[in-house]
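Everything below concerns the one structure shown next.
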Amino acid sequence: MKQLTVVALAILTAGAAAVSQPTPLTLWYDKPAILWTDALPVGNGHMGAMIFGGAAHERIQFNEHTVWTGEPHDYAHKGAAQSLAKIRELLWAGKQKEAEDLAMKEFMSEPLHQKAYQAFGDLRIDFPEGPVANYRRWLDLDTGIAGVEYTQGGVTFQREVFASHPDNALVVRLTANKPGSISFEVKLKGAHENNPSFVSNPVLPSGEIGMSGQVKDSAIHFEARLAVNADGGGRRTQGWSIAIAGANSVTLILAGATNFKNYKDVSGDPAQRNTATLASLRNKPYETLRTEHIRDHQSLFRRVSLDLGTTPTAKLPTDQRIAAFATGNDPALVALLFQYGRYLLIGSSRPGGQPANLQGIWNDSNTPAWDSKYTDNINTEMNYW
């Protein structure tokens, strides 16, 4: 069963190498993720994303907390009460099997099983190909920001990615240490059948592309919308993507929404919700988005600190630290894992959002293990302990 703890351990073991001055609350690696479980997570309780960190091809797989199969319905089994006395009678008589059989046939909910949490889509960014040096990627638990950095053609490129709770959006920042160096093509890719892409408000300085659709056999409709804000350089829309050439810096803002209002009302308008979200952020500088995100995240994350001491192995890359832990002692790694669990829950569960399910808010499959749903006999409790 995939749970927050499983995802935590999988990501902690992704490949890594040296980085200058690692902080006690940073996970970092020297290779892009290949497997989904090696990608680095960000979340704001409504949207979650896994950042793979590719130099030439970045994949940011994202979720929204209300993208599920199913529709509003009543689970009650009609006429169930008529069997209750007989079930009790069988149980008191020690006839457990007969009681179970009768309950399954006449008493249990319809349908018996919950529905499945779904993937939403991918944000794909294609950069120029070429040899890369000094690559590293990281996740700073204290700021809630994931990063990628590498050198190519004598230029150092850096990305920052975070999921802002105050602004309800995923933010990607692209910078370089040489003006006019940033060129790429960006698009959205849906995780469901019939996810038409579209160009929205192309005349705006930010430009916008989008992707919409409906979950199969579900009442849930969804839409994702991406704004592309470039400082300098040229821009062109080609098909359902935006290409940027020679920019100084670029900020991408991704909004995602569904028609879900509550468990019995799916009359919302995802397009209207995304339009409102992006309109509220259109004139916000990146530094303001970043500062508000960090302040909000740290108001929760910094409520607890844990210092178990340290050893020389604390300076090693994360995967090497885990390997060394089998034969040595690294109390700071234990503290890091503890804080990583808190980070994942903060990213998965915020007021106004859905509770953390079996995989938190992160899921790349439409047929996930255990449906990535809620099992309230223990797993939901474990997430919140």
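Results, tabulated for the structure shown:
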{"quantity": "Spin-label pair E89/L35, simplified geometry with 7 Å Cα→Cβ offset, distance in nm", "calculated": "5.4 nm"}
{"quantity": "Inter-site label distance for A279 and M104 at 7 Å from Cα along Cβ, in nm", "calculated": "5.4 nm"}
{"quantity": "Exposure of R137 as accessible area (Å², to 10), given a probe of 1.4 Å and all protein chains", "calculated": "10 Å²"}
{"quantity": "Where GluC sites (Glu not before Pro) in DSSP loops with at most 11 other Cβ within 10 Å are excluded, longest remaining stretch of the chain", "calculated": "194-385"}
{"quantity": "Solvent-accessible area, 1.4 Å probe, carbon plus sulfur percent, for the range 140-271", "calculated": "48 percent"}
{"quantity": "Solvent-accessible heavy-atom area per residue, rounded to whole Å², over the range 167-246 at 1.4 Å", "calculated": "44 Å²"}
{"quantity": "Helical mean residue ellipticity (222 nm; -39500 (n - 2.57) per DSSP H run of 4+; nearest 500) of the chain", "calculated": "-7500 deg cm²/dmol"}
{"quantity": "For K216, net neighbour charge (Lys/Arg +1, Asp/Glu -1) across residues whose Cβ lies under 13 Å away", "calculated": "-2"}
{"quantity": "Flagged links, alpha-carbon separation over 18 Å, of K115/K187; K78/K105; K189/K216; K115/K216", "calculated": "K115/K187"}
{"quantity": "Per residue solvent-accessible surface (Å²) - the range 284-347, probe of 1.4 Å", "calculated": "54 Å²"}
{"quantity": "Convex hull per residue volume in Å³, alpha carbons only, for the range 314-385", "calculated": "135 Å³"}
{"quantity": "Heavy atoms of M104: accessible area, 1.4 Å probe, square angstrom to 10", "calculated": "110 Å²"}
{"quantity": "Kirkwood Rh, angstrom, the range 130-279 [1 / mean 1/r, Cα pairs]", "calculated": "16.9 Å"}
{"quantity": "Where only alpha carbons of the chain are counted, the Rg and the Dmax (Å)", "calculated": "23.2, 81"}
{"quantity": "DSSP H segments from the chain that extend 18 Å or more along their own axis, Cα-based, with Kyte-Doolittle mean of -0.5 or above", "calculated": "331-348"}
{"quantity": "Derived scalar couplings ³J(HN,Hα) [the range 249-260; Karplus, 6.51 cos²θ - 1.76 cosθ + 1.60; whole Hz; x for Gly, Pro]", "calculated": "7, 9, 10, 9, 10, 10, 10, x, 7, 10, 8, 5"}
{"quantity": "Probe 1.4 Å - accessible area at H113, Å² to nearest ten", "calculated": "130 Å²"}
{"quantity": "Along each principal axis, Cα extent of the range 210-345, largest first, Å", "calculated": "54, 48, 29"}
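The values are calculated or read from the model by the stated rules, or taken from the named source; none is laboratory data. What you see is a predicted model; the values in this text were computed from it and never measured. So basically every Cβ, Gly included, is an ideal-geometry build from the backbone, and we count neighbours across all protein chains shown. Heavy atoms of the whole protein, side chains included, go into the accessibility calculation; ligands, DNA and RNA do not. Shrake-Rupley method; radii C 1.70, N 1.55, O 1.52, S 1.80 Å.
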